[in-house]
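J.: My questions all concern the structure below.
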Amino acid sequence: MTVHHLGAPARGRPARRGPRTVALALTTALLAGLMAVLTTAPSARAADALLSQGKAATASSTENAGTPASAAVDGNTGTRWSSAAADPQWLQVDLGSSASISRVVLNWETAYAKAYQIQVSADGSNWTGVYSTTTGAGGTETLNVTGTGRYVRMYGTQRATQYGYSLWEFQVYGSTSGGTGCSTDNAAKGRPATASSTENAGTPASAAVDGDNGTRWSSAAADPQWLQIDLGTSQQICQVALNWETAYAKAYQIQVSPDANTWTSIYTTTNGPGGNETLNITGTGRYLRVYGTQRATAYGYSLWEVTVHTTGTSSTGGTDGGTGGNGGTGGNGGGNATLLSYGKPATASSYQDDANCGGCTPAKAFDVNPATRWATNATTGWVDPGWIAVDLGATATISKVVLQWDPAYATAYQIQVSPDGNNWTSIYSTTKGAGFKETLNVTGTGRYVRMYGTARSNGYGYSLWGFDVYGTGGKPTPPPALPPNPGNPLKLIWSDEFNAAAGTAPDASKWTSDPGPGVNGELEYYTTGNKNTYQDGNGNLVLEARKEVTPGSGCPPDPLTGSTTCQYTSGRINTSDHLNITYGRVEARIKVSGTQGLWPAFWMLGSNFKTGTPWPYSGEIDIMEHIGKVPDTVYSTLHAPAYNGGGGYGQPYTLPGQDFANTFHTYAVDWDSTHMTFSVDGNNFFTVDRDNLEKTKGPWVFDHPFYLILNNAVGGDWPGGPDASTVFPQKMLVDYVRVYQ
C-alpha cells in the first residue's frame, strides 16, 4: 500500500499537528503601508467586543493551503496562518464595516515577528500605522491601540526565525462606528422559530424568541443541532446575542439564508464559552440559524434567548462582496432549484493534463465527484483571463451557483449567462473572491453559464473541484443519489469480539492480512497469519511489534543498527474483502502500545483505493492514532486531495499527565452525510461539519464506502524510530470492533 497516515511537511521543518491543507504555495504580493506614531490607549473597555472572529481574512502569502489567513480568525488556537519565509509579509482582516479599534491581541506561533506594525485602513488599500515595534517578543502580545478603519493589518518587516510569520490567532477588539447603526430592537422576538429537535414539549424552539429569560429551547443530546428564526424579510444583521443555559455549544456557527435552504456562515467558533455571548457580526438574510456542531456537556443544546439586532436595511445582491451585473441582480437561490449542470458538456479557456494534474478537463468540474477537478493549462493557462463554461442543454432560469475552488482560485471573476455561447451577460461579479466554497445567489437566464476569471489568487492558474448550477428549465440529468444516512436509533450491523482461543489468527471471514513493508518511512515488516496478529484467549486481539529481522526484506535504515533489512515485525489487518461501509458509527476498545517509535492506529481508507484510486483522492479517516513519544495524546484526522499528510484536518485529544498505553479506551467516529464527530470514551472532542469544511479546507470526499484497518507500526516520519529507550515486544490490544448503522 502507498497510503499515508500523516506525511512529512513540505520542507525540512518539524511537522506540527493541526488542521493544515496541503496545496500550492502562494506567491508574495505585498503592499507598502504608511507608518504612524503609536498612540497608547487605556485598557480596552469591558464593553468592547471581539470584532475579527469569523471575518474575511487575506494574507500576502501562505506556507501552504493548510495554513490559510482564515485560520488566524477562526477562534481555534489549534489552527494557524503561516506565511512564506521572506520579508515583508502581512495578514489582514475585513471587519465588515468601519470600527473604532481599541485592542489587538497577537497569539504567535514559534515563527513570530521581531519587527512589525499594526495598521488600519478604510478601503484595504491606504494604510495608517497605529502601532510599531522592532522588539517583538512573540508569545501572546496584547496591544492597546487607538485607530479607526474597516480593515486591520499586521505588517511584518523582520522575522525572528528563519521561517515565515505564523499566528495562531489575530484578535481585534473595539466597537463598530459610523454607517446606519445597529438597532436596539430585537428583530427575532416573537418571530417563527423551528429547530432540528426538542428535548421535550416544554422546551420548544419558540421559547428562545419569546423575550422571556425564564423559558428556553433545548435539543436532543446529539450533534449537530440547530435553531432557526424567520425574520420575515431580508435583514442586514449587525449583532446576535446568545443567552445559553448550562448546556451550551462549544463549537457552533451563526448562519444566514435567503430561503432557509442555502446557508452562509457569518460567524464560527470552536471555543464557545457559554453564558451570555454578544457577537458583533455582519450578514444579510431572512433566516438566521444557530448551528451547533459540538456540545460542551453530555446534554443537548439549550438557549434561554436568542436576540438579533439589525441595521434596518437589506441587500439583494450576491454573496461574498459580489454584485449583480448587467443581466440582472443577485437574488433568491430558490427552494425549488434543481441541479442543472451535472454531466453536461463543458468547455474552457484551457485545461491541464500532465503529471501534476492528469486529465483535469472541464468536464471534471461538473461530475459531482469531489476528488476530481478542472485546472487551466500549466503552460498556456496560468494567465488572465481564464474561463470555464457549461451547456445546460436548453434555456434555464439560474438561481444559484456553487463554486468549490482548489487553492488556485479567482479573486476577481464574473458569472455570466448566454443564449448561444457567444454573447455573454454578467449576473454576478466580485473582486474579493475568497476561494474554497462560494455559494452565489443570482438571477439570470441562458443556456450557457460561465465563470470568467480576471484575477488569480496566486501565480498558478484557475482550478475548480466543482461548478454547480441550480435553477429551473434546462435539460437536467439527475446526479447519483447519496447513500442513506444511518438509522435512528442505530443498530449493530457488524462486530468482532475476539473471543477465540489463544493463538488463533483473526477471523478470515472478517479480516484480511496486509503483509509487507510499511509506508511513511516505517521500519516494520507486516506478517501474515497469527505470527504477529493473534487472539489471546482473554477476549482480545493482539497486534504485536517485535524486534525481529525479516531476511530479504527492505526498509528505511534502522536508527539503531543502520541496516536496510527490516529489523522489526508487526501486524496490520483490514476488512476490505469483507466489510465496506458508508456512514454509521465505528468504534473500537483498544489498549495502545506505548514506547518511543511505536505508532498504533485504528483508521479507515476509501474502498476505491483497492480499485485504482490513489491516496489521498480515496479519502482517509483516522479514528485514532497514537505515537509513543507523546503518551498522553491521541489524534483524529481526515485526509483528502485538498488536505492531507502533514496538512490533514484533525484535532488531538489529551489526558494531561496520563499514558494512553496504560489502559483500554474506546475510540469512535459518528459519520453521516453532513458531519463526523470523533470521541474518546464517549467524550466528543472533534466535530467536522461538512459545509464548514468545504468553506475552509476543501471538498468533502466521504460519501462512498470505506474499509477498516488496524495496525501497530514501528518508526515512521511522524513518531521517529526506536532508540535506546524503546522496549520490545509491544502489544496493541483490541477488545472489540463494532459498526452500527
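J.: Looking at segment 323-364, which of its residues are among the polar types (S, T, N, Q), modelled with pLDDT of 90 or more and under 29 Å from residue 460 (Cα atoms)? Steps first, please.
T.: First pass over segment 323-364, keeping only residues among the polar types (S, T, N, Q): 323, 326, 329, 332, 336, 338, 341, 347, 349-350, 352, 356, 361.
With modelled with pLDDT of 90 or more added as a condition, the list becomes 338, 341, 347, 349-350, 352, 356, 361.
Scanning segment 323-364 gives 341, 347, 349, 350, 352, 356, 361.
J.: Okay, next question. Tally the residues that are modelled with pLDDT under 90 and surrounded by 15 or more Cβ atoms within 10 Å (Cβ to Cβ), restricting the search to segment 180-190.
T.: Residues of segment 180-190 modelled with pLDDT under 90: 180-186, 190.
Of the ones still in play, those that are also surrounded by 15 or more Cβ atoms within 10 Å (Cβ to Cβ) are 182-183, 186.
Residues in segment 180-190 being modelled with pLDDT under 90 and surrounded by 15 or more Cβ atoms within 10 Å (Cβ to Cβ): 3 in total.
J.: Just give me the residues in segment 683-704 being touching a helix residue (DSSP H, G or I) at 6+ places or on another chain (Cβ under 7 Å) and surrounded by fewer than 21 Cβ atoms within 10 Å (Cβ to Cβ), in sequence order. Step through it out loud before you land on a result.
T.: So in segment 683-704, the residues touching a helix residue (DSSP H, G or I) at 6+ places or on another chain (Cβ under 7 Å) come out as 696, 700, 704.
Answer for segment 683-704, where residues must be touching a helix residue (DSSP H, G or I) at 6+ places or on another chain (Cβ under 7 Å) and surrounded by fewer than 21 Cβ atoms within 10 Å (Cβ to Cβ): just 704.
J.: Assess whether residue 251 counts as being surrounded by 24 or more Cβ atoms within 10 Å (Cβ to Cβ), under 21 Å from the mean Cα position of the chain (by Cα) and either among the aliphatic types (A, V, I, L, M) or assigned to a loop (DSSP other than H, G, I, E, B) (or both).
T.: Numbers: surrounded by 24 or more Cβ atoms within 10 Å (Cβ to Cβ): yes; under 21 Å from the mean Cα position of the chain (by Cα): yes; either among the aliphatic types (A, V, I, L, M) or assigned to a loop (DSSP other than H, G, I, E, B) (or both): yes.
The answer is yes for residue 251.
J.: Can you find a residue in segment 463-477 that is over 19 Å from residue 365 (Cα atoms) and within 30 Å of the chain's Cα centre (by Cα)? Before you say what the answer is, go through the steps one by one.
T.: Filtering segment 463-477 for residues over 19 Å from residue 365 (Cα atoms) gives 472-473.
Subsequent filtering for residues that are within 30 Å of the chain's Cα centre (by Cα) retains none.
The answer is no; no qualifying residue exists.
J.: Going by the conditions given, is residue 520 closer than 14 Å to residue 570 by Cβ and surrounded by 17 or more Cβ atoms within 10 Å (Cβ to Cβ)?
T.: Details: closer than 14 Å to residue 570 by Cβ: yes; surrounded by 17 or more Cβ atoms within 10 Å (Cβ to Cβ): yes.
For residue 520, the condition - closer than 14 Å to residue 570 by Cβ and surrounded by 17 or more Cβ atoms within 10 Å (Cβ to Cβ) - is met.
J.: Find all pairs meeting these conditions: Cβ atoms under 9 angstrom apart; at least six residues apart or on different chains; first residue within segment 515-536 and touching a residue at least 12 places away in the same chain (Cβ under 8 Å) and part of a strand (DSSP E or B); second residue among the basic types (Lys, Arg) and surrounded by fewer than 20 Cβ atoms within 10 Å (Cβ to Cβ).
T.: The qualifying pairs are 524/546.
J.: Something else now. Among the residues of segment 113-154, which ones are closer than 18 Å to residue 167 by Cα and of a type in the set (Ser, Thr, Tyr)?
T.: 116, 131, 132, 133, 134, 135, 140, 142, 151
J.: Consider residue 305 carefully, then state whether it is surrounded by fewer than 23 Cβ atoms within 10 Å (Cβ to Cβ) and outside the structural domain of residue 79 (by TED's automatic domain parsing). Walk me through it before giving the result.
T.: Working: surrounded by fewer than 23 Cβ atoms within 10 Å (Cβ to Cβ): no; outside the structural domain of residue 79 (by TED's automatic domain parsing): yes.
The answer is no for residue 305.
J.: Check whether at least one residue in segment 256-268 is farther than 16 Å from residue 191 by Cβ, hydrophobic (A, V, I, L, M, F, W, C) and crowded, with 19+ Cβ neighbours inside 10 Å, and report yes or no.
T.: So far as segment 256-268 goes, yes, one or more of its residues are farther than 16 Å from residue 191 by Cβ, hydrophobic (A, V, I, L, M, F, W, C) and crowded, with 19+ Cβ neighbours inside 10 Å.
J.: Also, I was wondering about something else. Mind checking which residues of segment 617-644 are in a loop (DSSP other than H, G, I, E, B), β-branched (Val, Ile, Thr) and either in contact with a helix residue (DSSP H, G or I) (Cβ under 8 Å, 6 or more places away or on another chain) or in contact (Cβ under 8 Å) with a residue 24 or more places away in the chain (or both)?
T.: Hit for segment 617-644 is 627, nothing else.
J.: For the structure I just gave you, tell me whether residue 201 is under 30 Å from residue 214 (Cβ atoms), among the small types (Gly, Ala, Ser) and in contact with a Leu (Cβ under 9 Å, 6 or more places away or on another chain).
T.: Working: under 30 Å from residue 214 (Cβ atoms): yes; among the small types (Gly, Ala, Ser): yes; in contact with a Leu (Cβ under 9 Å, 6 or more places away or on another chain): no.
For residue 201, the condition - under 30 Å from residue 214 (Cβ atoms), among the small types (Gly, Ala, Ser) and in contact with a Leu (Cβ under 9 Å, 6 or more places away or on another chain) - is not met.
J.: Same structure, new question: Give segment 549-583 a look and list any residue that's of a type in the set (D, E, K, R) and surrounded by fewer than 18 Cβ atoms within 10 Å (Cβ to Cβ), or say none. Talk me through it step by step, then tell me what you get.
T.: Start the filter on segment 549-583 by keeping residues that are of a type in the set (D, E, K, R), which leaves 558, 572, 577.
Hit for segment 549-583 is 577, nothing else.
J.: Residue under question is residue 538, and the condition is that it be surrounded by 20 or more Cβ atoms within 10 Å (Cβ to Cβ) and of a type outside the set (Asp, Glu); does it hold? Outline the logic, then answer.
T.: Details: surrounded by 20 or more Cβ atoms within 10 Å (Cβ to Cβ): no; of a type outside the set (Asp, Glu): yes.
No: the conditions fail for residue 538.
J.: Given the conditions (1) closer than 14 Å to residue 603 by Cα; (2) not in a strand (DSSP E or B), report the number of the one that residue 679 does not fulfil.
T.: Failed condition: (2).
J.: While we're here: Out of 736, 740, 707, I need the residue that is within 28 Å of the chain's Cα centre (by Cα), within 25 Å of residue 528 (Cβ to Cβ), at pLDDT 95 or above and surrounded by fewer than 23 Cβ atoms within 10 Å (Cβ to Cβ). Which one?
T.: Values: 736 fails: within 28 Å of the chain's Cα centre (by Cα); 740 fails: within 25 Å of residue 528 (Cβ to Cβ).
Among 736, 740, 707, only 707 is within 28 Å of the chain's Cα centre (by Cα), within 25 Å of residue 528 (Cβ to Cβ), at pLDDT 95 or above and surrounded by fewer than 23 Cβ atoms within 10 Å (Cβ to Cβ).
J.: Given the structure, is residue 270 of a type in the set (Val, Ile, Thr), farther than 23 Å from residue 76 by Cα and touching a Gly at 6+ places or on another chain (Cβ under 7 Å)?
T.: The answer is no for residue 270.
J.: Can you give me the number of residues within segment 584-620 that are within 22 Å of residue 675 (Cβ to Cβ), out of contact with any Ser or Thr (no Cβ under 7 Å at 6 or more places or on another chain) and not small (Gly, Ala, Ser)?
T.: 8
J.: Name the strands (runs of 3 or more DSSP E) wholly within segment 121-179 that hold at least 3 residues that are of a type in the set (A, V, I, L, M, F, W, C) and outside the structural domain of residue 238 (by TED's automatic domain parsing)?
T.: Numbers: elements: 127-133, 140-159, 166-176.
Per the criteria, 140-159, 166-176.
J.: Please work out if residue 650 is out of contact with any helix residue (DSSP H, G or I) (no Cβ under 6 Å at 6 or more places or on another chain) and within 15 Å of residue 678 (Cα to Cα).
T.: On the way: out of contact with any helix residue (DSSP H, G or I) (no Cβ under 6 Å at 6 or more places or on another chain): yes; within 15 Å of residue 678 (Cα to Cα): yes.
It is true that residue 650 is out of contact with any helix residue (DSSP H, G or I) (no Cβ under 6 Å at 6 or more places or on another chain) and within 15 Å of residue 678 (Cα to Cα).
J.: Name every residue in segment 652-674 that is in a loop (DSSP other than H, G, I, E, B) and either in contact with a Gly (Cβ under 8 Å, 6 or more places away or on another chain) or not polar (S, T, N, Q) (or both), in order of residue number. Before the answer, list the steps.
T.: Start the filter on segment 652-674 by keeping residues that are in a loop (DSSP other than H, G, I, E, B), which leaves 655-659, 663-664, 672-674.
Answer for segment 652-674, where residues must be in a loop (DSSP other than H, G, I, E, B) and either in contact with a Gly (Cβ under 8 Å, 6 or more places away or on another chain) or not polar (S, T, N, Q) (or both): 655, 656, 657, 659, 664, 672.
J.: Still on this structure, I have one more. Out of 430, 445, report the one residue that is within 13 Å of residue 469 (Cα to Cα) and in the same structural domain as residue 378 (by TED's automatic domain parsing). Spell out the reasoning first.
T.: Details: 430 fails: within 13 Å of residue 469 (Cα to Cα).
Of 430, 445, the one residue that is within 13 Å of residue 469 (Cα to Cα) and in the same structural domain as residue 378 (by TED's automatic domain parsing) is 445.
J.: Going by what's in this entry, would residue 635 be described as in the same structural domain as residue 601 (by TED's automatic domain parsing), touching a Pro at 6+ places or on another chain (Cβ under 6 Å), at pLDDT 95 or above and under 22 Å from residue 726 (Cβ atoms)? Reasoning before the result, please.
T.: On the way: in the same structural domain as residue 601 (by TED's automatic domain parsing): yes; touching a Pro at 6+ places or on another chain (Cβ under 6 Å): yes; at pLDDT 95 or above: yes; under 22 Å from residue 726 (Cβ atoms): yes.
So residue 635 fits the description; yes.
J.: Looking at 299, 287, can you tell me which residue is touching a Ser or Thr at 6+ places or on another chain (Cβ under 8 Å), modelled with pLDDT of 90 or more and more than 29 Å from residue 399 (Cβ to Cβ)? Please lay out each step first, then the result.
T.: Details: 287 fails: more than 29 Å from residue 399 (Cβ to Cβ).
Selected residue: 299, the only one of 299, 287 that is touching a Ser or Thr at 6+ places or on another chain (Cβ under 8 Å), modelled with pLDDT of 90 or more and more than 29 Å from residue 399 (Cβ to Cβ).
J.: Here's something else I'd like to know. For residue 680, which of the numbered conditions (1) of a type outside the set (Phe, Trp, Tyr); (2) surrounded by fewer than 21 Cβ atoms within 10 Å (Cβ to Cβ); (3) under 12 Å from the mean Cα position of the chain (by Cα); (4) modelled with pLDDT of 95 or more fails to hold?
T.: Here residue 680 clears every test but (3).
J.: From the list 203, 233, which residue is in a strand (DSSP E or B), of a type in the set (Ser, Thr, Tyr) and either assigned by TED's automatic domain parsing to the domain that holds residue 276 or at pLDDT 90 or above (or both)? It would help to see each step written out before you state the result.
T.: Details: 203 fails: in a strand (DSSP E or B).
Just a single option satisfies the conditions, and that option is 233.
J.: Within the bounds of segment 420-429, is there any residue that is free of Cβ contacts under 8 Å to residues at least 60 places away in the same chain and surrounded by 19 or more Cβ atoms within 10 Å (Cβ to Cβ)?
T.: yes
J.: Could I ask something else about it? Take the residues in segment 108-128 that are touching a residue at least 60 places away in the same chain (Cβ under 8 Å) and farther than 24 Å from residue 80 by Cβ; name whichever of them is nearest to the chain's Cα centre (by Cα).
T.: The residue in question is 125.
The values are calculated or read from the model by the stated rules, or taken from the named source; none is laboratory data. Since the structure is predicted, the reported quantities are computational estimates derived from the model, not experimental observations. Methodologically, a virtual Cβ is constructed for each residue, glycine included, from the backbone with ideal geometry; neighbour enumeration extends over all protein chains shown.
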